[in-house]
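Shown next, in C-alpha cells, is the structure this report addresses.
Any read-out appearing in this document is the output of simple, stated calculations on the displayed coordinates, not a laboratory observation. Predicted model only: the values in this text are computed from it and were never measured. Here the Cβ is made from the backbone with ideal geometry for all residues, glycine too, and neighbour counts use every protein chain on show.
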Amino acid sequence: MATTVPPHPRPRRADAERNRSRILAAASELFAERGLDASMPELAERAGVGVGTLYRAFPDKDHLLGAVMAERLRWLAGEIEIAIQAADPWTAFTDVIWKGATLHVKDRAFHQCMRAALELPEVREARSHTLDGFQRLIERAQSAGAMRADVVAEDIPMLMAGVGLSRVAGPGAQWERHLAVVIDGLRAEGAHPLPSRPLSRTQLDAIVRELPCPR
C-alpha cells in the first residue's frame, strides 16, 4: 500500500520568517520611539500582523525586546570590526563611540533596559562580541599612544550609560557636549592615574542586573 507523504511545511516556515522580520522591523521603530511603554497589541498593529502571530514568534515583550537589542548590538559590533581596519586608531575609536552614544540617546529601549535583555542568551552573546571588539579597538589606540593605558572595554558601557541618561533630561542637556568631555578624558595626553581598578565583565554584568528597569 502506497504511503502518502505529507507536503513539506517550508511555505509555513517562510511565512513565519517573513512575519518575524516584519515584527522585528516594527519593534525596532516602536521601541526606539516609545521604549518599554510600547504594548504588544501596538507592536502587532505596527507590524501588520495579528496579536496571535506576534505571540507565536515571541512569547512576551522581553523576548521581543531582547531580539531587537541583539540586532542593535550586532550592528554595533559590525561597525567596530570596520573601525578596527581603519588607518587612524584614535579616530576609528571615537567614530564608534559617537555611533554607540547616538544609539543610547535616540533609542529609548536600548537605554532603558539592558538588565532584562541580558537574561537572554542571544543578547549576552551579542554584547560579549561587542565588548571583545571594543577591547581590540582600545588596544590599537593605546598601542598608537593616543589613548590612556588604563582604559578597558568594560569601562565603555558605564560611560555610554551616563551619556544615555541625558536623554531623560531632555534636549537641553546637550548630550554631545557631555560625550565630547568623556572622549577627551580618554586621551593619553595629560592622563592622570585612575582611582580604582577596572570592573571585570562579571562585575559589570552584576551591576547592570541591578539597574532599575521601568515598566
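Please report, for the Cα atoms of the chain, the Rg to one decimal and the Dmax as a whole number; what are they, in angstrom?
Every Cα atom of the chain included, Rg and Dmax give 20.5, 86 Å.
In nm, to one decimal, how far is the residue 200 label point from the residue 135 one, both placed 7 Å along Cα→Cβ?
Roughly 1.3 nm, to one decimal.
Can you compute the FRET efficiency between residue 191 and residue 33 using 1/(1 + (r/R0)^6), with r the Cβ-Cβ distance and R0 = 41 Å? Round to the nearest 0.05.
Numbers: r = 39 Å, r/R0 = 0.96.
The computed FRET efficiency comes out at 0.55.
Can you tally the net charge around residue 57? Count Lys and Arg as +1, Asp and Glu as -1, for every other residue whose Cβ sits under 10 Å from the Cβ of residue 57. The partial results should precede the final answer.
Working: positive: 20, 22, 56; negative: 17.
That works out to +2.
Hey, with R₀ at 25 Å, roughly what FRET efficiency would residue 210 and residue 128 work out to, going by the Cβ-Cβ distance, to 0.05?
Numbers: r = 19 Å, r/R0 = 0.77.
The computed FRET efficiency comes out at 0.85.
Mean Kyte-Doolittle of at least 0.5 plus a Cα span of 18 Å or more along the axis: flag which DSSP H helices in the chain meet both, please. If you can, show how the numbers build up before the last one.
Details: long enough: 10-34 (35 Å, -1.06); 61-84 (34 Å, 0.42); 89-106 (26 Å, 0.15); 121-143 (33 Å, -1.03); 155-169 (23 Å, 1.11).
Sorted by number, the helices that extend far enough and score high enough are 155-169.
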